[in-house]
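The values are calculated or read from the model by the stated rules, or taken from the named source; none is laboratory data. Note that this is a predicted model, so its numbers are computed, not measured. Quick reminder, even Gly has a Cβ in these numbers, built from the backbone with ideal geometry, and neighbours come from all protein chains shown.
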Amino acid sequence: MVLLIEKLAKHCYFKLENRHHPITHPQPEELLSSSLRAFKSHVSKSIDQLASDFKVRSETLSLTWFQRCLGLLPLINEAFAKLVADMDYPMSKWEVGSTEGYLSYTLSLLELLNSISSCLSHLGQARISLAHGLTLVEESTSLARKHLKGIHFQPGGFSTNFGKDLEEARVFSGKERIVHEAVKEMRSIGFWVCGVLLSGLYGDGKSYMELRNIAGGFDSSLVATLDFKISEPFMEKMSTFSEIKEVNDVVADLVAASDEVRRHYAAKELQTKLQVLEKLSDSISKEVDNLFANVMAQRSELIDGFRLHQQPHKWSVWSFIIYYVYSRSSS
């Protein structure tokens with residue numbers, strides 16, 4: 001029901017706004033294209049470095065390496081903010097196409113970040129259970145085994161509406177074209193990063209493949225270099241992140257240990273690997289929380305821009321509904 005109201009409200013509201021939007025002065029096309037090239041170049045350097053450092057040794061990805069990939073999201077957000085500032089084109093001046101595309105992408109990203117947070121919360125609970133099992137090893141092997149279970153996730157699905165607004169046939173020019181192209185890059189990188197992270201947590205390539213399909217592939221985006229490294233065959237066969245797999249392997253060894261010496265060394269190894277995983281997952285959780293907060297702040301800035309530019313007589317019930325729905329999208 002909320003999604004239906006949101007779509008209807010957005011349609012009506014954007015039509016209203018389109019009739020009363022401020023006129024912006026055109027800039028030379030070459031100058032605008034130069035700003036877009038600078039935006040892409042800045043992001044490409046980090047992507048190329050990540051691709052260069054990536055080594056396929058097995059059918060797993062390293063969570064340590066992937067944490068650096070997650071850093072692409074705040075990087076491209078900062079680059080995008082610089083791009084619109086360089087063009088003197090703040091969100092308050094955007095036309096309908098840019099606004100609709102940006103809100104559509106960021107709403108999808110918020111949903112993905114929520115899914116990631118849920119997975120990381122599950123991972124934290126599994127770690128606590130394993131840590132508790134370790135404290136029971138010396139006292140009761142049978143009782144400890146109830147808690148010594150591998151870390152596994154139940155894969156989820158995604159809305160097929162992700163990013164559809166960006167795929168509609170529209171003609172963009174001037175600053176609108178630059179913002180549209182930049183948002184497309186943000187969406188591709190955001191979907192790739194979230195897809196790989198969720199696939200690595202779930203232990204299969206379904207999330208990556210779904211988001212890759214929704215995005216229409218990554219071949220024409222900046223992330224194509226990384227996508228080539230992590231190919232479809234690799235993702236189809238991949239298991240969970242190597243740090244999680246190592247914990248699961250040690251758990252299996254500990255449960256199967258037939259003598260006290262083997263149990264002792266396996267327990268020590270599991271304790272060490274759990275500490276490494278805890279540090280990594282806590283750090284990633286903080287990054288995801290910060291990303292969510294930043295995206296919400298940017299969306300609020302865009303929505304507040306609409307509100308501030310509204311004259312009192314222009315406020316309609318639909319204007320109020322869309323402002324309310326987008327403001328509540330974090331709940």
(request) May I ask you to verify whether S281 is surrounded by 13 or more Cβ atoms within 10 Å (Cβ to Cβ), within 23 Å of the chain's Cα centre (by Cα) and modelled with pLDDT of 75 or more? (result) yes
(message) Just to check your reading of the model, which residue among N248, N213 is at pLDDT 90 or above, part of a helix (DSSP H, G or I) and polar (S, T, N, Q)?
(response) N248
(request) Among the candidates L226, L197, single out the residue that is surrounded by 23 or more Cβ atoms within 10 Å (Cβ to Cβ) and of a type outside the set (K, R). (result) L197
(request) Go through (1) more than 30 Å from A293 (Cα to Cα); (2) at pLDDT 95 or above one by one and return the number of the condition I189 breaks. (result) (1)
(message) I need a count of the residues in region 77-100 that are at pLDDT below 90 and in a helix (DSSP H, G or I).
(response) 8
(request) Determine which single condition G216 fails, assuming it passes every other condition in (1) within 10 Å of the chain's Cα centre (by Cα); (2) over 23 Å from L280 (Cα atoms); (3) not basic (K, R). (result) (1)
(message) Looking at region 129-174 only, could you name the residues that are exposed (fewer than 13 other Cβ atoms within 10 Å of the Cβ), assigned to a helix (DSSP H, G or I) and at pLDDT 80 or above?
(response) T135, L143
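For every residue, the table says whether it meets (1) over 21 Å from L36 (Cα atoms); (2) without any contact (Cβ under 8 Å) to a residue 60 or more places away in the chain.
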{"site": "K82", "(1), (2)": "no, yes"}
{"site": "A85", "(1), (2)": "no, yes"}
{"site": "G97", "(1), (2)": "no, no"}
{"site": "E100", "(1), (2)": "no, no"}
{"site": "L110", "(1), (2)": "yes, no"}
{"site": "S115", "(1), (2)": "yes, no"}
{"site": "G124", "(1), (2)": "yes, no"}
(message) Based on this model, can you work out whether F228 counts as touching a helix residue (DSSP H, G or I) at 6+ places or on another chain (Cβ under 7 Å) and not acidic (D, E)?
(response) no
